[in-house]
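This report concerns only the one structure given below.
The values are calculated or read from the model by the stated rules, or taken from the named source; none is laboratory data. Since the structure is predicted, the reported quantities are computational estimates derived from the model, not experimental observations. Don't worry about glycine lacking a Cβ; one is built from the backbone with ideal geometry, like all the others, and counts go over all protein chains shown. Areas reflect the complete protein model, heavy atoms only, side chains present, ligands, DNA and RNA absent. Shrake-Rupley method; radii C 1.70, N 1.55, O 1.52, S 1.80 Å.
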Amino acid sequence: SYDGQSIIIFLGEVEKGGIDVYGEKDKTKLSRYTLQQDEIRRLPGVSGDSLKAIQTLPGVSPGIPIGLSSSSFSNISVNGQPYRNSDRGDIVFRGAGTRANQYYFDGFVVSYPFHLGNQSSVFNNSIIKSFDIYSGAYSARYGYATGGIVNIEGKSEVKKNGAVVNINMFLSDAMMEAKLSDKAYVIAAARKSYPNVTLLKLYPEGIPPNAKYASYDDFQFKTGWDISPEHKILFSTFGARDIQNYTKAVAEFENKNYGEADSRPPVGLDRRFRTDGFRYTYQPTGRIKNTLSVSRNHFQEFYDIKFTNPLTGENVFGLQNVTTQTIFYAEEILSV
């Protein structure tokens, strides 16, 4: 009853003719977080990169950067491996390793979400609509991950045609979105960094001898078509590439001792991935929905190490330090 000052809730059996009121409290999702684009832009510490909002959530922390695998604070020195190959990104969920995570874009596999050194994400900010973060208790559909899950949802509609181009000294990016018809759209984005061109070519004296320099690029393309209210299709392709160069001192040393022709090219790491995905959705009624998705994910990494011993596998068998992985996915989900 309500008397204008207080609300009294009677619990127990309600007599005939009375009104039975039930209330259900929303369950707290302890292991799942959902962030929309308007929320991401207001979060502190993302530095203009939407995907870095993951690092602001409880139980999530940035991983150890490249070259900082261990540290000693007693003498204020940091040392460690220069790079741990095949990492899936510099994100730690609940203390698990970075390789224990899985990342998806529109349900398709992402090999790694951030460029080398956690410089930026491999996706254009404007193409991200929202993302879900699972730090535990996720379903078996996400495969063999034991750390965390990040499922990024891209834009799925275009209200008006437009394009944005940013040109800077060290990198440039562009994004285009267009309506092909009232029922179809296309979205494309690309980014390229070029510090090697800007600094090494224009002002090489500005780079310290022991500084590492890197370059990266990424792209995203997706198109969707609502053939009819019952049939929809989606095609998506995206990828990234990272190149980690040796320091200028190493390159100069090898050119001096081995000569320009025989010296190792100034590339210490070259990794890339690409994912192609197709999805068909059939929804004959409001309750029944069937989604069929197929995709191909290819990852390749070249980790350059120079061997001078004639008995090493590189010289005897012609082996190279190349890691490749190709995964095919097929998934069908029926919702009733």
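Contact annotation: residue pairs with Cβ atoms under 9 Å, 6 or more positions apart or on different chains, pairing a residue in the range 284-301 that is touching a residue at least 24 places away in the same chain (Cβ under 8 Å) and β-branched (V, I, T) with a partner that is open to solvent by 20 Å² or more (accessible area, probe 1.4 Å) and assigned to a loop (DSSP other than H, G, I, E, B), are I288/V336; T291/G107; T291/Q283.
Which one is most open to solvent (accessible area, probe 1.4 Å), of the residues in the range 221-259 that are of a type in the set (V, I, T) and modelled with pLDDT of 70 or more? That would be I227. Can F278 be described as open to solvent by 50 Å² or more (accessible area, probe 1.4 Å) and modelled with pLDDT of 95 or more? It is true that F278 is open to solvent by 50 Å² or more (accessible area, probe 1.4 Å) and modelled with pLDDT of 95 or more.
Scanning the range 140-193 for residues that are of a type in the set (G, A, S), in a loop (DSSP other than H, G, I, E, B) and open to solvent by less than 30 Å² (accessible area, probe 1.4 Å) turns up A145, G147, G148.
A search for C-beta distances below 6 Å between a residue of the range 323-336 that is at negative phi and any residue that is of a type in the set (F, W, Y), counting only pairs 6+ apart in sequence or on different chains, returns Q325/F299.
Taking the conditions exactly as written (in a helix (DSSP H, G or I), touching a strand residue (DSSP E or B) at 6+ places or on another chain (Cβ under 8 Å) and not hydrophobic (A, V, I, L, M, F, W, C)), does N196 satisfy them or not? In short, yes.
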